[in-house]
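Worksheet: the structure to be examined is printed underneath.
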Amino acid sequence: MISALVIGILVLAAVAYVTRPLGRTRALTEIPAEIEDADVRKNAALAAIVDLEEERQMGKLSDADFERLRAQYEAEALEALKELDSVKRVQVPEEDPLEAEIAAVRKRLQCPNCGALRTSGGSCPQCDVS
């Protein structure tokens, strides 16, 4: 009886240990509502533009109607893209220390004259400046 209880507790602990990362990955991959909404609007506008082009090629849509509707859907897609950019900029974390270190190393390796990357301690391959 006690051995069955111990085995049951060990099985539950193993299941909890194995399934714990699954809950975390789901939380990490959740897309914020603002991004998802703007992405859906962008994709819908781009799909509408493709549909308009097909309808014009088949002769179902006049050139004037095509241009008017295309301009409307392009404006909607651009608005959604701008919203995506602004939302993503807000959600980008402060500069990572590792990224700052990489940027500093790249800056040291850049040629002062042309900006090309040099080898460590070497000369510039484009303007031969050390």
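As a summary of the residue check, N113 satisfies the conditions (1) at pLDDT 80 or above; (2) polar (S, T, N, Q); (3) within 30 Å of C127 (Cβ to Cβ) except for the one numbered (1).
Contact map, the stretch 43-70: first residue closer than 22 Å to L81 by Cα and without any contact (Cβ under 8 Å) to a residue 24 or more places away in the chain, second residue part of a helix (DSSP H, G or I) and among the β-branched types (V, I, T), Cβ cut-off under 9 Å, separation 6 or more or different chains; pairs are L69/I49; R70/I49.
The values are calculated or read from the model by the stated rules, or taken from the named source; none is laboratory data. Given the structure is predicted, the values throughout are model-derived calculations rather than measurements. Glycine also receives a Cβ, built like all others from the backbone with ideal geometry; neighbour counts cover every protein chain displayed.
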